[in-house]
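**Q** Sharing a structure here in structure tokens format.
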Amino acid sequence: METAPSHTRHLPLALALFTAPWGFVVANGAYAWATRAGGDDSTGANTLALVAAHPGLYRLSTVAAMLGSLLMVPAALGARRLIGDRSRRLGALGATLVAGGYICYFAVAFAGITGIVMAERGGGVADYAAVIDGAQSEPTGIWVFLLFALGNLVGTLLLGLALLRARVVPLWAAAGVIAWPPLHVIGLVAGTEWFEVAGAIAQAAGLAVTGARLRSASRP
């Protein structure tokens with residue numbers, strides 16, 4: 001069986017590292033702008049009100065989050081490939097959690113499409129809100145949110161630490177990846193999305209360097 005040339009076999013994973021985190025820069029940026037004067041999607045009623053007020057931004061945020069989630073799976077594999085045996089266990093655990101978490105986040109983000117359709121259809125807003133709240137609290141689906149949180153926060157932290165420990169990227173690049181989880185949590189506590197935007201940009205910079213190092217490693 002033929003294999004890809006050494007200078008091209010890492011290219012798809014490197015491209016995912018370059019592009020995946022920018023999906024979340026766009027998603028968080030659009031959401032931050034939509035909520036700049038208040039509002040959130042913490043409940044079904046709030047979600048419908050936010051979509052009604054900013055349909056374009058909410059749709060952009062939703063689609064960008066979905067695309068970013070898809071691309072984060074090969075991105076995590078690319079980071080793991082670069083780490084190699086230098087921090088094998090930590091890198092494998094981090095990459096596995098990140099990949100699993102963002103597969104779940106695709107499902108979470110896709111649910112936003114339902115909110116968009118409901119808001120645009122009009123009528124029965126109270127019933128629509130109850131459906132959204134019920135879907136988010138349904139016992140058989142809670143694990144999706146929990147696994148996303150685990151992969152998004154713990155997985156990203158472990159992957160960043162593995163990059164740092166393996167010394168395959170500069171210190172600042174690994175720090176950029178590590179910065180995402182604490183900035184995300186700070187944003188949730190502070191009630192402003194702009195911390196998440198900063199964290200997403202830092203992560204994007206760190207993973208871009210990771211992608212560049214992976215691409216360089218595959219060149220003859």
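Readers should treat all values here as calculations from the given coordinates under stated rules, not as data from a laboratory. These figures come from a predicted structure and were not determined experimentally. Cβ: placed from backbone, ideal geometry, glycine included. Neighbour counts: every protein chain shown.
**Q** Grab the alpha carbons of the range 81-220, take their convex hull, and tell me the volume per residue in Å³.
**A** Cα convex hull per residue, to the nearest whole number: 131 Å³.
**Q** Same structure again: So what are the range 164-210's ellipsoid semi-axes, whole angstrom, largest first, if each one is the square root of 5 times an eigenvalue of the alpha-carbon gyration tensor?
**A** Largest first, the range 164-210 gives 23, 10, 5 Å.
**Q** Tell me, what is the Rg over Rh of the range 141-220, with Rh the Kirkwood radius over Cα pairs?
**A** 1.06
**Q** Over every pair of different alpha-carbon atoms in the range 79-158, take the mean of 1/r and invert it; report that Kirkwood radius in Å.
**A** After inverting the mean inverse Cα-Cα distance, the result is 14.4 Å.
**Q** For every other residue with a beta carbon closer than 13 angstrom to the beta carbon of residue 187, add +1 if it is Lys or Arg and -1 if Asp or Glu, then tell me the sum.
**A** Computed value for this residue: -3.
**Q** Moving to a separate point now. In whole Å, how far is the Cα centre of the range 6-64 from that of the range 164-200?
**A** After rounding, the separation between the Cα centres reads 17 Å.
**Q** Let me ask something else about it. Provide the net charge surrounding residue 47, with neighbours chosen by a C-beta distance below 12 Å and charges set as Lys +1, Arg +1, Asp -1, Glu -1.
**A** -3
**Q** What are the principal axis extents of the Cα atoms in the range 1-144, in Å, biggest first?
**A** If we take the Cα atoms of the range 1-144, the spans are 58, 31, 31 Å.
**Q** Still on this structure, I have one more. What is the calculated FRET efficiency for residue 190 to residue 121, with r their C-beta to C-beta distance and R₀ = 45 Å, to the nearest 0.05?
**A** Step by step, r from the Cβ atoms, then E = 0.85.
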